[in-house]
1. Which numbered condition trips up Leu46, out of (1) among the aliphatic types (A, V, I, L, M); (2) modelled with pLDDT of 95 or more; (3) within 16 Å of the ligand (Cβ to nearest atom)?
2. Scan the stretch 19-43 residue by residue and report those that are touching a Leu at 6+ places or on another chain (Cβ under 7 Å) and within 15 Å of the ligand (Cβ to nearest atom).
3. Being more than 13 Å from the ligand (Cβ to nearest atom), at pLDDT 95 or above and of a type in the set (S, T, N, Q) narrows it down to one of Gln104, Gln108, Gln85, so name that one.
4. What are the residues in the stretch 415-435 that are within 16 Å of Gly459 (Cα to Cα) and not in a helix (DSSP H, G or I), if any?
5. From the list Ser488, Ser435, which one is without any contact (Cβ under 8 Å) to a residue 40 or more places away in the chain and within 22 Å of Val122 (Cβ to Cβ)?
6. Looking at the stretch 305-334, which of its residues are within 16 Å of the ligand (Cβ to nearest atom), part of a strand (DSSP E or B) and either over 25 Å from Phe393 (Cβ atoms) or not basic (Lys, Arg) (or both)?
7. What's the total number of residues in the stretch 1-24 that are in contact with a strand residue (DSSP E or B) (Cβ under 8 Å, 6 or more places away or on another chain) and surrounded by fewer than 20 Cβ atoms within 10 Å (Cβ to Cβ)?
8. Mind counting the residues in the stretch 452-476 that are surrounded by 14 or more Cβ atoms within 10 Å (Cβ to Cβ), part of a loop (DSSP other than H, G, I, E, B) and of a type outside the set (Ser, Thr, Tyr)?
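The values are calculated or read from the model by the stated rules, or taken from the named source; none is laboratory data. Just so we're clear, the structure is a prediction, and the values are computed from it rather than from any experiment. Every residue, glycine among them, receives a Cβ derived from its backbone with ideal geometry; neighbour counts consider all protein chains shown.
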Amino acid sequence: MSKSVLIVGGGTAGWICAAYMAQMLACDLPGGVSITVVESDEIGILGVGEGTFPIIRRTLERIGLDETDLIRGADATFKQGIRFQGWKDNPNPENEDWYFHPFQVGSQHTDMDLLPYWLLGVAGDIPWATVNTVQERVVDAKLAPKLITHPNYAAPLNYAYHFDAVKLAEVVRHRAMELGVKRVIDTVDDVRLDEQGAIASVQGRASGTMTADLYIDCTGFRARLIGQALGSEFTSYRDQLFCNRAVAIRVPYDLPDAPIPSCTYSTAQENGWIWDIGLQSRRGLGYVYSSDHCSDDAALETLQRYIGPAARDLPHRLLSFEAGFRKVQWRKNCVAMGLSSGFIEPLEATGISFVEIAVLILCNLFPWSGDYERSAEQFNMHMTTRYNHVVDFIKLHYCLSERTDTDFWHDNRAPSSISDKLKGKLEQWRYRPPSFLDVDTSHDIFDENSWQYILYGMGFKTDISARAGALRYYDGARQEFENIRQQSANAMTAVPSHRALVSEVVANG
Ligand code: FAD
């Protein structure tokens with residue numbers, strides 16, 4: 001008999017989950033899984049979450065969403081990485097402090113590992129992300145990662161997207177419904193449990209009793225099923241990651257054809273950092289800060305100062321969150337996804353990636369035979385490991401800073417705020433760079449390339465002088481750095497401006 005899934009919540013998490021499951025679990029076939037999404041028209045979606053990581057391309061492609069429909073429907077633009085400004089040292093107008101986290105994994109024209117040569121100074125004092133890929137120069141010039149002629153989701157340069165979160169949910173919803181997902185607009189008022197503590201039914205205010213074989217909680221921070229009904233506890237990581245508030249403002253462009261950056265700008269502030277994202281029609285900005293270190297009014301002032309006169313008279317939104325997650329995200333017949341399962345913080349844009357990973361794992365562990373317990377155990381293990389690794393990766397950005405201008409930055413270096421695992425890695429990386437040995441390819445969103453970009457972007461020193469005499473390709477490395485520099489020059493003339501590409505996609509597909 002075919003299985004049924006009831007997803008409660010229709011934000012980014014609910015609709016990505018619905019569309020992905022519909023495709024992977026054959027919602028359209030008689031033996032496939034039937035999927036219903038219940039979403040409340042009284043409780044809105046969070047509506048932030050404008051930045052993504054490249055795995056989003058694989059997810060959207062699997063769902064069968066046309067890239068042109070995404071760009072047109074979700075005000076979307078291309079994101080090639082993150083430019084971090086002011087993270088390393090105290091603010092100094094004389095000395096701009098920035099580094100880039102590109103999505104490109106670096107030179108792929110040779111088997112030679114260039115990092116040891118860079119660490120030994122073969123490229124002089126040019127930053128790692130600058131010598132290792134062409135992407136930083138392309139992004140600095142506000143250029144696109146691809147040509148209009150490149151197929152859906154493919155490009156010479158790795159990329160993700162920026163988009164309007166509300167519009168994205170609508171675009172994905174449309175696709176999910178094409179795939180056969182049913183939509184019910186209703187508010188779930190009650191969740192009934194059976195004697196074993198599993199969900200027996202949910203009660204819709206208008207629809208009455210709804211039942212399914214598996215329930216998915218996508219109700220956002222409310223966690224109506226997994227938290228309120230099933231009591232799965234939330235584990236806070238606020239002792240490591242202090243930011244718990246954001247104030248956000250949307251700023252229209254001065255000119256309709258204003259250049260659009262193809263990266264997120266992340267600019268450190270006294271008590272957190274500001275995201276600055278360019279969509280087609282506007283910028284999205286937000287100051288992420290710690291309420292223990294900064295008042296809401298002071299945060300708003302900081303954001304308005306960053307934006308300048310354009311911020312005058314624009315409305316703002318305050319958002320609260322807490323870094324952490326539920327260690328039991330799948331309990332009995334209920335799986336949490338999206339904000340109901342956890343949230344670390346907006347830095348590096350991992351929120352939607354966790355949804356993508358969770359639904360991928362769920363499809364692989366779908367309890368066809370009714371063995372919920374074993375599937376749940378594996379799911380919880382995979383997701384907990386992933387969350388823990390991301391906590392460390394995010395903390396890396398903060399704990400390596402040498403800023404001394406506020407308690408926020410001092411506190412971020414306190415050993416008690418850094419996990420033992422991260423401390424152990426940092427110790428090892430004093431004498432060898434992060435490698436594949438430090439990541440778990442089946443558990444990590446961020447591979448060794450990302451760890452290297454942040455570590456060396458932040459000015460960390462790895463002393464490999466003991467190895468210097470055991471490296472044989474100094475001339476080859478020098479040549480490869482030069483090749484990448486020349487490829488950058490070629491790329492700069494080959495790809496269009498980011499604005500031009502987006503306008504072309506919108507106009508002509
Ligand atoms: P929501 O958007 O809150 O949706 C909840 C849904 O549940 C809604 O449809 C609501 O109507 C429904 N609902 C709730 N209760 C009921 C009920 N009782 N009955 C019926 N329906 C109900 N992620 C990124 O990937 N990149 C980013 O750059 C990023 N930036 C962020 C910045 C901030 C400040 C914050 C707080 C988060 C950010 N995130 C980011 C996370 C991202 O916003 C979320 O992962 C994403 O929006 C998914 O949200 P959701 O669908 O889980 O919840």
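1. Every condition holds for Leu46 apart from (2).
2. Here is the first cut: in the stretch 19-43, the ones touching a Leu at 6+ places or on another chain (Cβ under 7 Å) are 19, 22-23, 27-28, 32-33, 36, 38.
Across the stretch 19-43, the qualifying residues are Ala19, Thr36, Val38.
3. Unique residue meeting the criteria: Gln85.
4. Scanning the stretch 415-435 gives Trp429, Arg430, Tyr431, Arg432, Pro433, Pro434.
5. Values: Ser488 fails: without any contact (Cβ under 8 Å) to a residue 40 or more places away in the chain.
Answer to the check: Ser435.
6. Result: His316, Arg317, Leu318, Leu319, Ser320, Gly324, Phe325, Trp330, Cys334.
7. Looking only at that region, the number is 3.
8. Residues meeting the conditions: 5.
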